[in-house]
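Single-structure report; data block below.
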Amino acid sequence: MKGFLRLAISAPLVAAAADCPSSPSAVHASCKVSVTANAPCAQVMAEMKARVDGQSTGQWHDPHNNGTYSLLDGAQDSLDFQRVTGNKKYTDKLRFDFKDVGGQCEISGCSASQVFSIADFSTNYCNLRMLYCSSQDGCHPVKFDFNAKETDVEPSLGAGKTPSDCLKMTEVSQDFLAPTQCPPAGFDTVQDFDLEKFIEKRWYIQQQMAVNYLPASQNRCVYAEYQLREKSFWGYDVSVHNHAEEVAAPHKVHDSGKTLCAKVVDKARGKLEVAPCFLPTVAAGPYWVLDYSEEEGYALISGGAPKESA
């Protein structure tokens, strides 16, 4: 079984509060913010553009590891930027929307990584914050110094939102975003995994890497179910049921039935092996739970440790 990456969820999806820039990577770190600035939106937008323009004149630099911002597009009530990290390896895209309300400016923003990423060391949050933070926050405005209150900060799963991370000139390693060595240092699965709780519910797949046995053409109504069983002759102790449908009508069903089994390799660390039940476990492929929250209803599954950097 070849490696794969899968994000599954057992709770209903909730509509996103704001649009984010698109990313070539299906799995990527991001962060959304809602901010109230005590200034008209025209001043807020002018200050953001002044900071970006000030990089070339020496009036401003990015306090978060000296990244480089550029303006991609600007409208009456929105601005689109990109930021290249200080080491020139990674590019993130940002979008801000603005609305004047009672003499203040309501800002909604989102930053999205453009590569496979989970942990981001607060990078996407800092991408946004550095364009609206004030002198009271330790920042250096160029034209207008207004107070900006963050009313909501929503990082993606694994991403950070620590303000102190934004005012660092040391080179923060982003090797986990697109590792140059595989697996990256510290890569491992969950701890204290509760297998019994995990298999109580059906898991619906929300993001799935295309693989030979589940191509993109079958990414419709994909779900997985698991059930403990008596240990088989080959040592399998979990029954696996996978279901998928063709994207194109008439949506042909691809269902594994009772043909798949799993062997628990390390129960506490969420490591199993999966294969057709008639094969010996030596032919089974890894099934690793990298992250899991029963309360929030998500799990991140990988076919073992990564072998190729993104």
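The values are calculated or read from the model by the stated rules, or taken from the named source; none is laboratory data. Just so you know, these numbers come straight off a predicted model, no measurement behind them. All Cβ positions, glycine included, derive from the backbone under ideal geometry; neighbour counts span all protein chains shown. For accessibility, only protein heavy atoms count, side chains too; no ligands or nucleic acids. Shrake-Rupley method; radii C 1.70, N 1.55, O 1.52, S 1.80 Å.
A few remarks follow.
- Some residue of region 274-289 being surrounded by 14 or more Cβ atoms within 10 Å (Cβ to Cβ), part of a strand (DSSP E or B) and of a type in the set (V, I, T): yes
- Residue pairs meeting the criteria (Cβ under 7 Å; at least 6 apart or on separate chains; first charged (D, E, K, R), in region 256-282; second assigned to a helix (DSSP H, G or I)): K263/T281; K267/L195; E273/T281
- Condition met for V115 (out of contact with any Leu (no Cβ under 9 Å at 6 or more places or on another chain) and farther than 11 Å from H64 by Cβ): no
- Within region 233-290, tally of residues that are within 30 Å of G186 (Cα to Cα) and acidic (D, E): 3
- K93 open to solvent by 40 Å² or more (accessible area, probe 1.4 Å), in contact (Cβ under 8 Å) with a residue 12 or more places away in the chain and either in a loop (DSSP other than H, G, I, E, B) or over 25 Å from A75 (Cα atoms) (or both): no
- All positions within region 27-67 that are in a loop (DSSP other than H, G, I, E, B), within 17 Å of N124 (Cβ to Cβ) and modelled with pLDDT of 90 or more: H28, A29, D62, G67
- Taken over region 68-90, the residue count meeting the criterion of being part of a loop (DSSP other than H, G, I, E, B) and within 28 Å of A119 (Cα to Cα) is 6.
- Of all residues in region 189-244, those being assigned to a loop (DSSP other than H, G, I, E, B), surrounded by fewer than 18 Cβ atoms within 10 Å (Cβ to Cβ) and among the β-branched types (V, I, T) number 0.
- Residue match in region 210-220 (condition: under 25 Å from S23 (Cβ atoms) and without any contact (Cβ under 8 Å) to a residue 24 or more places away in the chain): yes
- Members of region 112-132 found to be of a type outside the set (V, I, T) and more than 17 Å from Q55 (Cβ to Cβ), listed by number: A112, S113, Q114, F116, S117, A119, D120, F121, S122, N124, Y125
- Candidate set from region 119-133 (those that are open to solvent by 10 Å² or more (accessible area, probe 1.4 Å) and at pLDDT below 95); member that is farthest from D188 (Cα to Cα): F121
- Some residue of region 77-88 being at pLDDT below 95, open to solvent by less than 20 Å² (accessible area, probe 1.4 Å), under 26 Å from the mean Cα position of the chain (by Cα) and not polar (S, T, N, Q): no
- Test: R129 is of a type in the set (D, E, K, R) and over 14 Å from A37 (Cα atoms): no
- Only listed residue being in contact (Cβ under 8 Å) with a residue 40 or more places away in the chain and in contact with a helix residue (DSSP H, G or I) (Cβ under 7 Å, 6 or more places away or on another chain), chosen from A46, A50, A37: A37
- Search result, residues across region 96-118 that are of a type in the set (A, V, I, L, M) and surrounded by fewer than 18 Cβ atoms within 10 Å (Cβ to Cβ): V101
- Filter result for Q55 (in contact (Cβ under 8 Å) with a residue 40 or more places away in the chain and open to solvent by 20 Å² or more (accessible area, probe 1.4 Å)): no
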